[in-house]
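**Student:** Have a look at this one.
The values are calculated or read from the model by the stated rules, or taken from the named source; none is laboratory data. Not measured: the values here are computed from a predicted model. Cβ placement follows ideal geometry from the backbone for every residue including glycine, while neighbour counts extend to all protein chains displayed.
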Amino acid sequence: MFATSLKCTACARSYPLGEHYACDSCNGVLEVTYDYQAIGSKPIAETLPEPGFNIWRYRNLLPVRDEAAMVSLLEGGTPLVKSTNLATDYEIENLYLKDETRNPSGAFKDRPIAVAVSKARELGFGTVVTASSGNGAASLAIYAAKARMRCIIFVPETTPMGKVAQATVSGATIVKVRGDYSNSFRMAKETAEHFHWMNVTTTFLNPYSFEGDKTVAYELYRQFGGDVPDWVVIPAGAGPLVYGIHKGFLEMRRLGLTDALPRMVAVQAEGCKPIARAFENGTDVSAWERVETVASAIADPLRGYEKDGQLVVRTLKANGGLALAVPDDEILAAMDDLGKKEGIYAEPGAAASIAALKRMIAADSVRSD
Ligand SMILES: [Zn+2]
């Protein structure tokens with residue numbers, strides 16, 4: 001209830017909290033700003049309650065004002081599982097797994113989608129559109145169903161059928177698009193503009209969606225008993241989850257809840273690593289040419305919206321974080337490790353973070369404690 005405006009992350013121009021997808025002046029990514037002073041005067045328990053049944057516990061820090069518009073399937077509030085076996089094997093003491101498979105659709109996407117669909121409803125839209133590599137489709141379909149909204153989803157034609165099946169059962173219209181994710185992204189964008197439907201694509205396009213990603217940071221803070229971890233290792237396509245979690249920690253510091261800021265790691269697959277490549281080479285982000293990886297959920301070539309990756313690289317550099325890429329064989333080994341040693345069934349895109357951690361340990365980037 002304290003959201004005030006949309007602000008350009010590049011040139012700082014402000015806009016009212018309406019339907020905007022990019023800065024009119026510079027085409028920069030827009031984000032939501034809040035009246036932190038007003039939030040800060042509330043008791044901590046009210047500003048940042050214990051993690052509970054859903055993300056709306058943190059509504060003070062979310063951009064939806066009308067309670068009647070909030071759509072929820074009890075997303076968020078996922079467990080933080082202390083790794084025992086994997087941690088022993090990797091010889092580190094404190095490894096925790098934020099198990100986002102416990103969300104309603106089985107992926108973290110429910111956080112940004114719940115916020116974006118709620119905002120669309122608040123703004124009076126009856127139809128929502130997204131481009132997705134699968135998980136966003138499954139998520140949007142169930143939230144649109146719950147909100148009684150029409151839902152159109154553009155997916156790359158190579159998207160695994162299992163992921164699309166869930167969306168179909170929930171009544172979504174699925175449009176298969178030739179080529180990689182960036183083609184689907186463009187189709188969704190053009191269609192939404194043409195018919196004036198709300199585009200809730202969870203890259204950086206919809207400024208409300210990655211506000212939902214912030215709630216991971218608030219939950220971690222509470223689950224660590226009012227403390228923050230040293231590192232947060234996050235799988236990244238365009239990287240709104242990385243940016244969102246970082247923003248959540250920045251907000252908590254601003255509200256005086258913590259002095260420390262965790263270092264973020266954006267993890268990509270070797271077969272599609274526009275962000276990691278730019279980070280390593282110290283160059284601008286350019287579109288990835290040929291996508292080739294089993295980790296389809298994080299395979300975003302960023303063609304036409306390279307600026308999204310630029311924002312993530314800038315954020316990581318300022319944060320003292322890292323971007324790195326891991327090859328498919330290490331991703332699959334990590335998936336196996338998670339299943340066999342921790343009992344967590346994760347898809348390759350998610351397991352990539354464990355493969356990256358293994359590399360960080362080998363390179364002495366993280367201390368054993
Ligand atoms: Zn701007």
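**Student:** With the requirement that a residue be touching a strand residue (DSSP E or B) at 6+ places or on another chain (Cβ under 8 Å), within 11 Å of the ligand (Cβ to nearest atom) and either of a type in the set (Asp, Glu) or not in a strand (DSSP E or B) (or both), what does the range 1-19 give you?
**Tutor:** Residues satisfying the conditions are 9, 13.
**Student:** For the list (1) more than 21 Å from residue 114 (Cα to Cα); (2) without any contact (Cβ under 8 Å) to a residue 24 or more places away in the chain; (3) among the aliphatic types (A, V, I, L, M), I need the number of the one condition that residue 165 fails.
**Tutor:** Evaluating residue 165 over (1) more than 21 Å from residue 114 (Cα to Cα); (2) without any contact (Cβ under 8 Å) to a residue 24 or more places away in the chain; (3) among the aliphatic types (A, V, I, L, M) leaves (1) as the failure.
**Student:** Would you point out which residue out of 165, 192, 188 is surrounded by 24 or more Cβ atoms within 10 Å (Cβ to Cβ), closer than 22 Å to residue 111 by Cα and over 21 Å from the mean Cα position of the chain (by Cα)?
**Tutor:** Working: 165 fails: surrounded by 24 or more Cβ atoms within 10 Å (Cβ to Cβ); 188 fails: over 21 Å from the mean Cα position of the chain (by Cα).
192 is the lone residue from the list that is surrounded by 24 or more Cβ atoms within 10 Å (Cβ to Cβ), closer than 22 Å to residue 111 by Cα and over 21 Å from the mean Cα position of the chain (by Cα).
**Student:** Which one of 243, 305 is buried (at least 19 other Cβ atoms within 10 Å of the Cβ) and farther than 26 Å from residue 100 by Cα?
**Tutor:** On the way: 243 fails: farther than 26 Å from residue 100 by Cα.
Exactly one of 243, 305 is buried (at least 19 other Cβ atoms within 10 Å of the Cβ) and farther than 26 Å from residue 100 by Cα, namely 305.
**Student:** Same structure, new question: I need the full set of residues from the range 197-228 which are crowded, with 24+ Cβ neighbours inside 10 Å and farther than 30 Å from residue 301 by Cβ, in order please.
**Tutor:** Matches in the range 197-228: 218, 219.
**Student:** What is the residue count in the range 337-356 for residues that are surrounded by 20 or more Cβ atoms within 10 Å (Cβ to Cβ) and either without any contact (Cβ under 8 Å) to a residue 12 or more places away in the chain or more than 15 Å from residue 84 (Cα to Cα) (or both)?
**Tutor:** 10
**Student:** Which one of the conditions (1) buried (at least 17 other Cβ atoms within 10 Å of the Cβ); (2) over 20 Å from the mean Cα position of the chain (by Cα) does residue 264 fail to meet, given that it meets all the rest?
**Tutor:** (2)
**Student:** Please enumerate the residues belonging to the range 257-277 that are more than 20 Å from residue 244 (Cβ to Cβ) and among the small types (Gly, Ala, Ser).
**Tutor:** Listed by number, the residues that qualify are 269, 271.
**Student:** In the range 45-162, which helices (runs of 4 or more DSSP H) lie fully inside it and hold 1 or more residues that are within 27 Å of residue 366 (Cβ to Cβ) and without any contact (Cβ under 8 Å) to a residue 60 or more places away in the chain? It would help to see each step written out before you state the result.
**Tutor:** On the way: elements: 85-90, 110-122, 135-147.
It comes to 85-90.
**Student:** Let me ask something else about it. Could you list, ordered by first residue, the pairs with Cβ atoms under 6 Å in which the first is in the range 9-33 and under 25 Å from residue 254 (Cα atoms) and among the acidic types (Asp, Glu) and the second is part of a loop (DSSP other than H, G, I, E, B) and more than 10 Å from the ligand (Cβ to nearest atom), at least 6 apart or interchain?
**Tutor:** Every condition considered, the pairs that remain are 31/207.
**Student:** Give the number of residues within the range 20-37 that are more than 9 Å from the ligand (Cβ to nearest atom), of a type outside the set (Asp, Glu) and assigned to a loop (DSSP other than H, G, I, E, B).
**Tutor:** Qualifying residue count for the region: 2.
**Student:** Return yes when residue 54 is at negative phi and either at pLDDT below 95 or within 16 Å of the ligand (Cβ to nearest atom) (or both) and no when it is not. Steps first, please.
**Tutor:** Values: at negative phi: yes; either at pLDDT below 95 or within 16 Å of the ligand (Cβ to nearest atom) (or both): yes.
Spelling it out, residue 54 is indeed at negative phi and either at pLDDT below 95 or within 16 Å of the ligand (Cβ to nearest atom) (or both).
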